[in-house]
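Remarks on the structure that follows.
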Amino acid sequence: MRADLLAGPVEGLDEALSAVDAFDRALVAGLLRPQPAGADGPARLADAVAGTPLASRVAEAAAKAAAGAAGEDHFVALAAARTALLGSVHDALLIRVEEAAGRSRGAEAVSVTAGQPMANLPAAACAWLSELARCGWQGIDHEVVSGAAEIVSAMLPEPSLRRLAVLLDGFAAELAASCPGASAERFPVRRWADLWSRGMLLTVPGAAATPVTGTVDGRLLPLGIDVQEHATAAQAQVHAVLEPADGSAPRLVRAGVSVPKPDTVLGAGIWQLLRPHMSLLAAAGEGRSMHLTGMPVTAEGDLVWSDEYARPGEPAEAFATARVALPAATAPVTAPLDRHPARIAVPVFLEGYTARTDDDGVLTFTVAGLDLVVDTDRIPAAGPLTPEAVAKSGACIALIRWDAGAFGVQPLAVETTVRKKVTAVQAGAWAGGTADKAGVRAEKAATDAAKVLSERAGRLLRK
C-alpha cells in the first residue's frame, strides 16, 4: 500500500466541512426565529452548493430559515445540501484511499425514482423532524421528543418504512436522555445533525427503496470480521474477496448480520446469537472459503446472505488472501445516502510498519513515513485480538477509516510472533466456536443468561 498518498491536504475539504459545521451550529440554537447576524449556517450551505442542481432550492430554503419561516420542504432541501457536501468529502477521501491501495472502483450504478406524493407516515416523520430543527437541541423537551413515539409505532409493521422507524426511535431515545435541552452543557452536534439529515432524506419518496440486486457465483475468501456491540444489539460484518466463477476480476464484498441481545450477554457470548443466522461467520473464524451459487448481491457490494446459496469450501488463510487476492480486487460503489466520511471502511493489507504507544496509550503505526492512529477501541472483546498483540505485530489486515480530520486503521487481524513462531490472530476467530478459556467462559455465561431469559419469558406468557 502506498501510504504516502494518504498524506497532504485534500482540495476543498476544509471549506466543505466548515460549511457543514456552521449549519450544525445553527441546529443547536434552532431555526424557529429570525437568525441574528453571524448565525449564517443555512447561508453557508447555500453558498457551498451554488452552481449545482441544488442551488436555487437551497438558496430559497436558506433565506426562509434565516427569516424563521422555513417549512418542511425547505428543511428537506437543507438536509440534502448538507448530505451532498459530506458526500463530496467522502468521495474525495475515498479516491485517496483507493489510489493508496492501488485499487479501481466498480462501475457506478445510479437509479432514479420518480417523485411521488409523500405518504402519511413519512410526512408525519418529516413534520416531527422539522419541529426539532425549529426548536434546536437547546429547545427540546420531553413533549417535543415524545412526538416520535406514535409515528415509530405505526411505521415498524411496514417493512419499507422500518429503516426510517429505527432511525427515529434511536434518535428520539438519545434526545430524551438529554432533555431538557436548555440545561444540557454539551451536545453531540455532528452526530445529531447527521441523524436529523438522514431522517429528513429518508422521508423523501424512493430514498429508502430496497437496493437493486443481482446474483453472484464464485469463491468467497474472508478477510476478517468487524464486530459492533451495544447493550441491546450486536452486529458482525464479514469483509471478503469474491472470485467470480466467470473469471472476471475479483471484487470486494461484505456480508452482515445484526441481532437484538440482552445486556447480560457480553464478549464471546454474542456469537451464540449471531452464529445461527450466517454460516459465513464460522467459515471466517475457522479460515475457510465459501462457494456461492446464485447469492443475491447489491450494487454496493453487500451480499444479501442466505445459507441456501452457500456451501463450505477449502481452507483459505486470510493473510494469503490479503497478500494475493486483495490488491487486485475491485472496490464497490457507494449508495448516495451512504456517502459520508464516517462510513469509510476500506480493507487494506499493511506490513513493514513500526508501532509505538505514547504516554496516553494511543497506538500508532508508521507506514512509509505516515502516522496512522490505530483505533484499539474497535477491537472487540468477542475475540482473541488485543491491543498488545496489535502493538507487537509485523503485518495487519485492517480497515482504513477517517475520523477527526485524519486517516486511521481498525485492525481485523494481525500476524505476530508467539513463542518464536509467526501466528495469525483474528478479531473474529471465535465466531465458529473456541477452546480458549476466556471464550468458553463467556459462551457459558451467555448460555446461562439465555436460559434464564427464556424461562422468564415462558412464565410471563403462561400468566
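The values are calculated or read from the model by the stated rules, or taken from the named source; none is laboratory data. Quick caveat, the model's predicted, so the values are computed rather than measured. For neighbour counting, all protein chains shown are included, and Cβ atoms are generated from backbone atoms with ideal geometry for every residue, glycine included.
When the criteria are applied in full, PRO347 fails the requirement of being modelled with pLDDT of 90 or more, surrounded by 15 or more Cβ atoms within 10 Å (Cβ to Cβ) and not in a strand (DSSP E or B). Across segment 373-400, which residue is nearest to GLN426 (Cα to Cα) among those that are modelled with pLDDT of 95 or more and touching a Phe, Trp or Tyr at 6+ places or on another chain (Cβ under 7 Å)? Per the stated criteria, the residue is ILE397.
Of all the listed residues (GLY287, GLY301), the sole one being crowded, with 18+ Cβ neighbours inside 10 Å, touching a helix residue (DSSP H, G or I) at 6+ places or on another chain (Cβ under 8 Å), not assigned by TED's automatic domain parsing to the domain that holds GLY383 and not aliphatic (A, V, I, L, M) is GLY287. Only residues that are closer than 20 Å to VAL76 by Cβ and of a type in the set (Gly, Ala, Ser) were counted in segment 17-59, giving 12. Does segment 159-177 contain at least one residue that is within 30 Å of TYR309 (Cβ to Cβ), surrounded by fewer than 16 Cβ atoms within 10 Å (Cβ to Cβ) and of a type in the set (A, V, I, L, M, F, W, C)? Yes: one or more hits. Just one residue in the set ARG103, ARG82, ARG96, ARG57 is over 30 Å from ALA329 (Cα atoms) and touching a residue at least 24 places away in the same chain (Cβ under 8 Å); that residue is ARG82. Which one is surrounded by the most Cβ atoms within 10 Å (Cβ to Cβ), of the residues in segment 379-409 that are within 24 Å of VAL20 (Cβ to Cβ) and of a type outside the set (A, V, I, L, M, F, W, C)? Applying the filter and picking the extreme gives ARG401.
Every listed requirement among (1) in a helix (DSSP H, G or I); (2) touching a strand residue (DSSP E or B) at 6+ places or on another chain (Cβ under 6 Å); (3) surrounded by fewer than 22 Cβ atoms within 10 Å (Cβ to Cβ) is met by ARG323 save one, (2).
The set of residues in segment 22-46 being over 15 Å from CYS135 (Cα atoms) and surrounded by fewer than 15 Cβ atoms within 10 Å (Cβ to Cβ) consists of PRO36, ALA37, GLY38. As a summary of the residue check, GLN237 satisfies the conditions (1) surrounded by fewer than 20 Cβ atoms within 10 Å (Cβ to Cβ); (2) more than 25 Å from ILE344 (Cα to Cα) except for the one numbered (2).
Taking GLY41, is it on the phi < 0 side of the Ramachandran plot and in contact (Cβ under 8 Å) with a residue 40 or more places away in the chain? Spelling it out, it is not the case that GLY41 is on the phi < 0 side of the Ramachandran plot and in contact (Cβ under 8 Å) with a residue 40 or more places away in the chain.
When you go through (1) part of a strand (DSSP E or B); (2) in contact (Cβ under 8 Å) with a residue 60 or more places away in the chain; (3) over 22 Å from the mean Cα position of the chain (by Cα) one by one for PRO312, which number turns out not to apply? It fails just one condition, (2).
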